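Beneath this line is the structure, given in structure tokens, with notes to follow.
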Amino acid sequence: MAYNRPFTVNPVMTAIAVGYRNPDYTLIADKVLPYAKVGEEKFTYTEYPLAESFNVPTDLQVGRMSQPTRVEFSGVQKTGEVNDWGVDSVIPQTDIDTAERQRKANGDLYDPRLRAIEGLTDIIDLGHEVRTARLVFNANTYSPQRKIMLSGTSQLSDHENSDPLAVFDAAMGGTLVFKPNTAVFGDAAWRKVRAHPQLVKAVRGGLSGEGRITREEFAKLFELRNVLVGEGWLNTARKGKEPVLERVWGPHCAFLHIATSPATDKTVTFGYTARLGTRRSGSYQDPSIGIDGAEIVRVAEQAKELIIAPDVGYFIENIVAES
């Protein structure tokens, strides 16, 4: 696929941009809203009326000389459009030349351009994570009958009074037709939920509720395929100010039906990320910077996070008290 862009795509840089993951925390956006390929910047997808798949005509029996009952199927075609996401880093040519001399003299492997690609990729990843979290952990995404807000003693951080089995059973039965197969927790919420005595007893048996359950044990208990825990942090301070770190995923939980390989047509899934092509990276020269100019490196992708079937999701807001 050809792209008309003012910089040259570099296969080596692109390989780093595609493969790099920050080892300090786990990002889950590509599992919560998996990527689905689209062929153009503007694309279409179809929403099918709920009733059509479950209506049965009053009379299906056909007489010898009569016509079968006729039904009509419809769908609402919607249009989406990917957004352009990109970030640049400026590397003075003097830095590149210095690194090259050190590489020849000492065998150093450091390349400021490739290091910049790693950092830029981290930023693109985190941007995707933030946009996904703001959609999935947003009460307005869900219909009134598919969400609940906990408070006080009902929050699962109150280990003595709350009832996690009732809360999660309601979530498992609260979606429409398709059962949830994935639970999504913010890290702070999961750390309190996993130590709830009722869950420990339900999984391990016995009278003691001490200890912690694993994600795999939670998934087995509620017949889920995955338990995803968002551990990312976001600096919300303005540039130049002291960092103010906040969790990307708040003290909430969502039970979702997520298709393994979503597509933009005939896929029932809570949501996906439509993406044109793949993430890519490259560079171009800017002679106006410094004495010897500079190389501008860029990481970019064209993508759009979408919620297409909110009725196969259930949101538990403030599942634990913020600490």
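Mind checking which lysines have their Cα closer than 22 Å to the Cα of Lys304? Skip sequence neighbours fewer than 8 apart in that chain.
Lys31, Lys37, Lys42, Lys78, Lys266
Points 7 angstrom from Cα along the Cβ direction at Ala139 and Asp169: gap in nanometres?
2.5 nm
Which far-off residues, 5 or more places away or on another chain, put their amide H under 5 Å from the one on Ile319, with H placed in the peptide plane?
For Ile319, whose amide H was placed from the backbone, the distant partners under 5 Å are His252, Cys253.
What lysines sit close enough to Lys147 to cross-link, taking a C-alpha to C-alpha distance under 20 Å and skipping anything fewer than 8 places away on the same chain?
Counting by Cα, and skipping residues close in sequence, Lys147 has these lysines nearby: Lys179.
Rounded, prolate or oblate for region 192-299? Axes are the square roots of the Cα gyration tensor eigenvalues, ordered a ≥ b ≥ c, and the cut-off for rounded is a/c under 1.5.
Since a/c reaches 1.5 but b/c is at least a/b, the shape of region 192-299 is classed as oblate.
Could you order the peptides 196-209, 288-301 from most to least packed, using the average number of other C-beta atoms within 10 Å per residue?
288-301, 196-209
Tabulate in residue order the Karplus-calculated ³J(HN,Hα) for region 28-44, using 6.51 cos²θ - 1.76 cosθ + 1.60 with θ = phi - 60°, rounded to whole Hz; enter x for Gly and Pro.
10, 4, 6, 9, 6, 10, x, 6, 10, 6, 10, x, 9, 4, 9, 9, 10
Under the 0.36 nm per residue contour assumption, what length would be gained going from the current alpha-carbon distance of Gln285 and Ser208 to full extension?
This chain segment gains 21.2 nm when fully extended.
Using the number of other C-beta atoms within 10 angstrom as an exposure proxy, rank Tyr35, Tyr284, Tyr110, Tyr272 with the fewest first.
The most exposed by this proxy come first: Tyr110, Tyr284, Tyr35, Tyr272.
Given the C-alpha centroids of region 240-315 and region 185-227, what is the distance between them in whole angstrom?
Here the answer is 30 Å between Cα centres.
Test of understanding: ordering Val136, Val244, Val268 by Cβ neighbours within 10 Å, fewest first, what list do you get?
By the 10 Å Cβ count, ascending: Val244, Val268, Val136.
Got a sec? Charge dipole of region 182-323, +1 on Cβ for Lys and Arg, -1 for Asp and Glu; which of Ala294, Val229, Thr278 is way out at the positive end?
My answer, from the dipole projection, is Val229.
Here, each number is a calculation from the coordinates, and none is a lab measurement. Quick caveat: nothing in here was measured; it's all calculated off a predicted structure. Glycine also receives a Cβ, built like all others from the backbone with ideal geometry; neighbour counts cover every protein chain displayed.
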